[in-house]
Amino acid sequence: MQDYLPSSILLIPITKHIDVEKARRETPGCGYVVHFNNAGASLTPQPVLDAYLGHLHQESRIGGYEAAEQAHDALEHTYDVAARLLGCHRDEIAVVENATRAWDMAFYALSFEPGDRILTAQASYASNYIAFLHVARRTGAVIDMIENDEYGQISVEKLRATLDDRVKLIALTHVPTNGGLVNPAEAVGRVAKDAGIPFLLDACQSAGQMPLDVDALSVDLLSATSRKFLRGPRGMGFLYVRRRLIESLEPPFLDGHAATWIDRNRYEVRPDARRFENWEYNVAAKIAFGVAIDYALGWGLEAVWQRIESLAETLRTRLRTLPGVTVHDLGRVRCGIVTFSTESREAAAVKEALREQGINVSVATPSWALLDSTARRLPDMIRASVHYYNTEEEIERFCTSLSALL
Ligand SMILES: Cc1ncc(COP(=O)(O)O)c(C=O)c1O
């Protein structure tokens, strides 16, 4: 039957529609706040909350170690769903405390010599860049920032043009902390792959917002966090390490979970990505993180992404109509993070005033993306970040409240 369909019909992707009412029913916080701080931490969905609290109760009833043993399958499930989220193998996932720890474990496992080059972009995240400086100071490696193209995203052309055999790493922040920009990670990955250079992607703010596939992105190392767009608990994150790299990367820290003590002079490091983990962790949070990823997969990342993109664009369009408001987001592709400033009020004052009305936003301060803030002379900005459970009515309420403050 399908043989008779034109190929254009066969290629149309079927994207599920988000049932926003259902999403809101399953999000207790929607009854309390207009939450436009999803890039800070999203509102927790009920199943995630249930899993978290359920495990804490179980720990209090039967003991922490015993509850963890009982929850073995749920804990392992977290690796399965993280792997499904990224299109990788479960052995390529390490679950750690946060995205920074995940990123650091990967970055500090790489070795650099004097003159080795680390290539990165203008929208680099502070903690990553501080680590570049730290390692550059210790090893004599140099950090080269690739300039932006006309869209305000990393110039893939300039990246390709600067490659030489001293480049030891390409490290990119997919979605920066300070705006709606989505850097062209796939194109950067292709450059890295063609040149055989390791590619480390900070997907902290893109995971849960949009589909991510490690092969399509050609990434070797990828870090993400739980609490942002994946809607999991705080204090959790994961690292993806491409299989062929795992055994060549010795983590900067090892313990009795990451390695086995063989004899007086010897240890053996685990063969999988869990060599980047450590022994003690928040068991309830790890279980709930798995539930959160499962929950995101249930909605479908393509559907989530379409709704986020559309809500954010609605918000930007609406903000541009307000007098004295400047929207600062760059990029050919823009995500759910909307940044703006107002002529009449400091960002912190706007945030506080909105908070009093039950509306949550955050402030993006220049120091968290210093290269970008300096190049663009950015002030403190109001960061309003939307998720699929937000509504057009909330955007309207937000803009009405904001207008009254201007
Ligand atoms: C781009 C980016 N990378 C990394 C992080 C760090 O994530 P975590 O706080 O989970 O370590 C953040 C946090 O805001 C971020 O915006």
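The values are calculated or read from the model by the stated rules, or taken from the named source; none is laboratory data. Since this is a predicted model, take the numbers as computed values, not measurements. No Cβ is skipped: glycine too gets one built from the backbone with ideal geometry, and neighbour counts run over all protein chains shown. Keep in mind that these areas ignore ligands, DNA and RNA; they rest on the heavy atoms of the full protein, side chains included. Shrake-Rupley method; radii C 1.70, N 1.55, O 1.52, S 1.80 Å.
Overview of results
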quantity: Relative contact order (%) - the stretch 333-406, alpha-carbon pairs under 8 angstrom, separation at least six; calculated: 40 percent
quantity: Accessible surface of the stretch 94-150 [probe 1.4 Å, protein heavy atoms]: carbon and sulfur percent; calculated: 47 percent
quantity: Shape of the stretch 20-178, Cα gyration tensor, a/c cut at 1.5; calculated: prolate
quantity: Per-residue HN-Hα couplings for the stretch 370-387 [Karplus 6.51, -1.76, 1.60; θ = phi - 60°; Hz; x = Gly/Pro]; calculated: 4, 4, 5, 4, 5, 4, 9, 6, 7, x, 4, 10, 7, 10, 10, 10, 9, 10
quantity: For the chain, accessible area per residue (1.4 Å probe, heavy atoms of protein chains only), Å²; calculated: 46 Å²
quantity: Residue-by-residue Karplus 3J(HN,Hα) for the stretch 230-245, coefficients 6.51, -1.76, 1.60, Hz, glycine and proline x; calculated: 7, 6, x, x, 5, x, 9, x, 9, 10, 9, 10, 4, 3, 5, 8
quantity: Residues with amide H under 5 Å from that of ILE143, placed H, sequence gap 5 or more; calculated: ILE118
quantity: Computed over the chain: relative contact order in percent, which uses C-alpha pairs under 8 Å that are six or more apart; calculated: 23 percent
quantity: For the chain, share of DSSP beta bridges that run antiparallel, in % to the nearest 5; calculated: 55 percent
quantity: For the stretch 115-194 and the stretch 197-230, distance of Cα centres in Å; calculated: 15 Å
quantity: For TYR267, distant residues with modelled amide H under 5 Å away; calculated: ILE262
quantity: As computed over the stretch 72-121, the Cα convex hull volume per residue (Å³); calculated: 120 Å³
quantity: Carbon/sulfur fraction of accessible area - the stretch 186-236, other protein chains in place, 1.4 Å, %; calculated: 43 percent
quantity: Dimensions (Å) - the chain, Cα atoms, principal axes, largest first; calculated: 70, 59, 57
quantity: Volume per residue of the C-alpha convex hull in the stretch 282-406, rounded to whole Å³; calculated: 140 Å³
quantity: Trypsin sites (Lys or Arg not before Pro) within the stretch 302-406, DSSP loop, no more than 13 other Cβ atoms inside 10 Å; calculated: ARG332, ARG377
